[in-house]
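Below you'll find the structure, written out as structure tokens, and then a few comments.
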Amino acid sequence: MDAIAHAKGQESGHRMLITPERVFYAGLLGRPRERCPGAFHVYVALRDGLHLSTSDGRQAHGELAVTMPNLRHTITSEYRAAICVAIEPESVPDGTLEAVARRLQGPDADLFANRIRAAYATLAEMQHRDAISNAEFDTMCFGDALPQRALDPRVVRAIARIGQFSGEPVTAAGCAAEAGLSPSRFLHLFKEETGISFRSFRAWKRARHLLHFANQDINLAHLAQDIGYPDSTHFSHSIRRFYGLKPRAIFSGSRDLAIYRTGVAAGAAAS
């Protein structure tokens, strides 16, 4: 990790841990615009409260808010920074995230909010570590480990290819050929296993990969090309759809963000 970014993150308290299937972020939320990330999100106020508005008509105010994957929503914080914990839906069995959401929004909501705030403090002390498992992450944030989804090995290989970000476009046809399946059979298998279409999955993972570079002084056009976007316009529209912010705004608001990565395939993230 860049030493200057690390020092700024230490001073601001803004930090982000990225693993292949989890993210823990504490920092700015940006301007309140609608976003539609592909992961399950738990927002926790560092101070004061949060306001959540979802596309299905839900309005909520409190210290903790939860959104399911691919649900359009707007989140605002009364304090300038907040915590966001993200879980990739393909990493857990069907129904798990709904059960977690019920627990977090139940009578023990305050307890979970305090636990996640404590996890933020714990992560600051774990910066020397280069790995954290899903089970450790989940226990730290939620009190116990979430079950792990068992995926077909052919889908696991396709996910690994998508996550390499080598500059070469990963196509369904290429993954199907590697799996020894027809493209249509592979696409059916992929959605059956992960719960999401190959195209939507790839689009979200591409946008998620941007997080690894958010505190760097980097040419955005080159970054867009490196992580697989056909052009800068498509890059900007996709990032804004998922995060509610343009890429430049994300980078501008992340200059004092310390980023810690574990299990990163990297064509990837510069350390």
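Assorted remarks:
- For the stretch 15-142, the percent of C-alpha pairs falling in each 5 Å distance bin, counted from 0 to the bin holding the largest distance, reads 2, 10, 22, 26, 21, 13, 4, 1, 0.
- The charge dipole of the stretch 135-271, taken about the Cα centre with unit charges on the Cβ atoms of Lys, Arg (+1) and Asp, Glu (-1), comes to about 420 debye, rounded to the nearest 20.
- Extension gain (nm, one decimal) between residue 68 and residue 164, 0.36 nm per residue minus Cα-Cα: 32.0 nm
- The dipole here belongs to the stretch 15-142: it is taken about the Cα centre, uses +1 on the Cβ of Lys and Arg and -1 on the Cβ of Asp and Glu, and is about 460 debye.
- Assuming charge only on the beta carbon of Lys and Arg (+1) and of Asp and Glu (-1), the dipole of the stretch 165-219 about its Cα centre is about 180 debye to the nearest 20.
- For the stretch 40-96, diffusion coefficient by Stokes-Einstein and Kirkwood Rh (Cα), 25 °C, 0.890 mPa s, µm²/s: 206
- Sorted peptide list for 62-68, 183-189, 252-258, criterion being average Cβ within 10 angstrom, highest first: 62-68, 252-258, 183-189
- Relative contact order %, the chain, counting alpha carbon pairs below 8 Å whose residues are six or more apart: 27
- Taking only Cα atoms of the stretch 85-243, radius of gyration then Dmax in Å: 18.0, 49
- Taking the Cα atoms of the stretch 153-255, the ratio Rg/Rh between the radius of gyration and the Kirkwood radius comes to 1.02.
Laboratory data are not the source of any read-out in this text; all were calculated from the coordinates shown. Quick caveat: nothing in here was measured; it's all calculated off a predicted structure. In this analysis, Cβ positions are derived from the backbone assuming ideal geometry, glycine residues included, and neighbour counts consider all displayed protein chains.
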